[in-house]
Amino acid sequence: MERAAIKLIAIVQCHLVHQRCPGYICDRAFVNRTGGFAGLDLAGDVRKLSFTCGGCCGRALHRKLALLKRKARDLDGIEPGSILVKLASCITKDNYHGPACPHLDYLKTLVEKAGLAWSCDTHISKRSDKKRAAGVYEAG
Ligand code: SF4
Ligand code: SF4
């Protein structure tokens, strides 16, 4: 089935990493359509917001997404099919901040249970990519 055009990107950051990261580089990747945003069809007016998983084990994400869905539809007519949840690279990849989130599969399940689509990665650091290729960080 063809997916509706993306009208809203919801970046989910690791709650722990967020204590030191304002998410600027994720935002920059969205603006420049690089990293995990490259190749996505983001034509037209695509809005973006960022929030965290709420802390381990990430269960708060389900309620955040339920509220997001309701507000986006009720206030702005954005249907759930037009929302894409982006799991930030600090969740999906082994990197400078530490290994990938141990609850990654659970987070994906929560997004699906909320009736939304997910996609991995936001900013992708070239330096971290080199370290993953060299085996310093886990690949993935
Ligand atoms: S991926 Fe990087 S820039 Fe984005 S929220 Fe995580 S640590 Fe911050
Ligand atoms: S559940 Fe994963 S993404 Fe969320 S705070 Fe814990 S380690 Fe970070």
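A compact table of results
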read-out	value
5 angstrom amide H check on Thr52, placed H, neighbours 5+ away	Gln13
Net charge contributed by nearby residues that have their C-beta within less than 13 Å of Cys26 (K/R +1, D/E -1)	+3
Length-normalised contact order for the range 8-133 - Cα pairs under 8 Å, 6+ apart - percent	35 percent
Per-residue HN-Hα couplings for the range 112-123 [Karplus 6.51, -1.76, 1.60; θ = phi - 60°; Hz; x = Gly/Pro]	5, 5, 7, x, 10, 8, 10, 8, 8, 6, 10, 6
Rounded accessible area per residue of the range 8-133, 1.4 Å, Å²	55 Å²
Fraction of antiparallel bridges per DSSP, the range 8-133 only, in percent to nearest 5	5 percent
Sites Ala139 and Asp27, calculated FRET efficiency, Cβ-Cβ separation with R0 41 Å, nearest 0.05	0.95
In order through the range 79-95: 3J(HN,Hα) via Karplus (6.51 cos²θ - 1.76 cosθ + 1.60), integer Hz, x for Gly, Pro	6, x, x, 9, 9, 10, 8, 9, 7, 4, 4, 5, 8, 8, 10, 5, 7
Long-range amide H partners of Trp118 with built H, under 5 Å	Val85
27 Å Cα-Cα threshold exceeded, pairs from Lys64/Lys131; Lys48/Lys130; Lys48/Lys93	Lys64/Lys131; Lys48/Lys130
Share of carbon and sulfur in the accessible heavy-atom surface of the chain [1.4 Å probe, %]	53 percent
Within straight-line cross-link reach of Lys71, aspartates and glutamates at Cα separation under 12 Å, skipping those fewer than 8 residues along the same chain	Glu79
In Hz, Karplus ³J(HN,Hα) per residue of the range 12-29 (6.51, -1.76, 1.60; θ = phi - 60°; x = Gly, Pro)	9, 9, 5, 4, 6, 5, 4, 4, 10, 10, x, x, 4, 6, 5, 4, 4, 4
Square roots of five times the Cα gyration tensor eigenvalues for the range 8-133, Å	23, 18, 12
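The values are calculated or read from the model by the stated rules, or taken from the named source; none is laboratory data. Since the model is a prediction, treat every value here as computed from it, not as a measurement. As a convention, Cβ positions derive from the backbone with ideal geometry for all residues, glycine included, and neighbour counts pool all protein chains shown. The protein model used for the area step is the full one, side chains on, heavy atoms only, and it has no ligands, DNA or RNA in it. Shrake-Rupley method; radii C 1.70, N 1.55, O 1.52, S 1.80 Å.
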